[in-house]
Amino acid sequence: VLFHPRRTQPGGSRREGAVDGTIPTGDGAELGYRLFRAGPTAPLILFFHGNGEIAADYEWIAPLYGELSLSLLVVDYRGYGWSTGEPRASTLLPDALAVIDGLDGVREEAGIQPEAPLYVMGRSLGSVPAIHLAHERAGRFAGLLLESAFADSAALLVRLGVPPDRLPPGAAGAFDSLGKMASVHLPLLVIHGTEDRLIPIADGEALYEASPSAHKAFFRVRGAGHNDLLSVDPEGYFQAIDDFVTATL
């Protein structure tokens, strides 16, 4: 119930400056990515998407980041897009570390300068690897952005249809995003829909409250659910991101 992969092939982007590639995981798998470049020194957002999305889906969203002079690097999970292997909860966090370890090569190949600030962002399921990287590799990032993020793994699995008596052992603390946030001092932006029924806004609020960051912000998208934040308030959404990045540069 956690993964809903779709396959596609690289090379299908019509966006100027888009680059497709792969990052090795170290155990034989390759993770596909699509990089939308805004410029050699533009801030770069490393983005982990939701469980039913792929990097190619961000063709229409990426230009909106480009209008803010932000580059966007969207990474697929195993079995998604042109990534090899099969998606598993057990590989989600190690793969995130492989991505950050291989990022310098991606940036160099794409002509993105080392001084370009780097942010990590996670949407829904993507909040898990994003928070993990912010916890394990904080020194690499200028900030952490979370959209529709969840704090309680067990509660989410139940909402996805797993009977409470069939939850796997340790499900509640499987990713421990909430526990990790307690030691993440990076600047933080949380974005959440007030009417999200899949991941209630209380999850985003819990992650926000757990953060000890001296610079954090919470943008509530009024009337939005889990998947319609951009259609409900695109101007407010990107204004929040623009304000956050500008304040942390």
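The values are calculated or read from the model by the stated rules, or taken from the named source; none is laboratory data. Computed from a predicted model, the values in this text were never measured in an experiment. Methodologically, a virtual Cβ is constructed for each residue, glycine included, from the backbone with ideal geometry; neighbour enumeration extends over all protein chains shown. The area values use the complete protein model at the heavy-atom level, side chains included, leaving out ligands, DNA and RNA. Shrake-Rupley method; radii C 1.70, N 1.55, O 1.52, S 1.80 Å.
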Students often check this: by mean Cβ neighbours within 10 Å, which of 25-37, 158-170, 72-84 ranks highest, and how do the rest follow? 72-84, 25-37, 158-170
When DSSP beta bridges are limited to those with both residues in the chain, what percentage is antiparallel, rounded to the nearest 5? 30
Equivalent ellipsoid semi-axes for the stretch 21-156, as square roots of 5 times the alpha carbon gyration tensor eigenvalues: give them largest first, rounded to whole Å. 21, 17, 15
For the stretch 108-248, the percent of accessible surface on carbon and sulfur atoms (probe 1.4 angstrom, ligands and nucleic acids excluded) is 51
Scoring only Lys, Arg, Asp and Glu (+1, +1, -1, -1) among other residues with Cβ under 14 Å from the Cβ of Gln113 yields -2
Quick check: net charge around Asp95, other residues with Cβ under 11 Å of its Cβ, Lys/Arg +1 and Asp/Glu -1? -2
Relative contact order of the chain, defined on C-alpha pairs under 8 angstrom at six or more residues apart (%): 16
How much net charge surrounds Leu178 when only the other residues with a Cβ under 10 Å from the Cβ of Leu178 are counted, with Lys and Arg +1 and Asp and Glu -1? -3
With N residues in the stretch 187-249, Rg(alpha-carbon) / (2.2 N^0.38 Å) equals 1.10
Per DSSP, the loop-located GluC sites (Glu not before Pro) within the stretch 34-104 having at most 15 other beta carbons within 10 Å are Glu67
Scanning the chain for helices, which whole DSSP H stretches are 20 Å or more long along the axis (Cα) and average -1.0 or more by Kyte-Doolittle? 89-110, 234-248
Whole-Hz Karplus ³J(HN,Hα) for the stretch 4-12, in order, using 6.51 cos²θ - 1.76 cosθ + 1.60 and θ = phi - 60°, x for Gly and Pro? 9, x, 10, 9, 7, 10, x, x, x
Rank-order 189-199, 233-243 by packing density, defined as the average count of other C-beta atoms within 10 Å over each peptide's residues, highest first. 189-199, 233-243
Taking the stretch 85-178, which chymotrypsin sites (Phe, Trp or Tyr not before Pro) meet the DSSP loop condition and have no more than 15 other C-beta atoms within 10 Å? none
Gyration tensor (Cα) of the chain, equivalent ellipsoid semi-axes in angstrom: 25, 22, 18
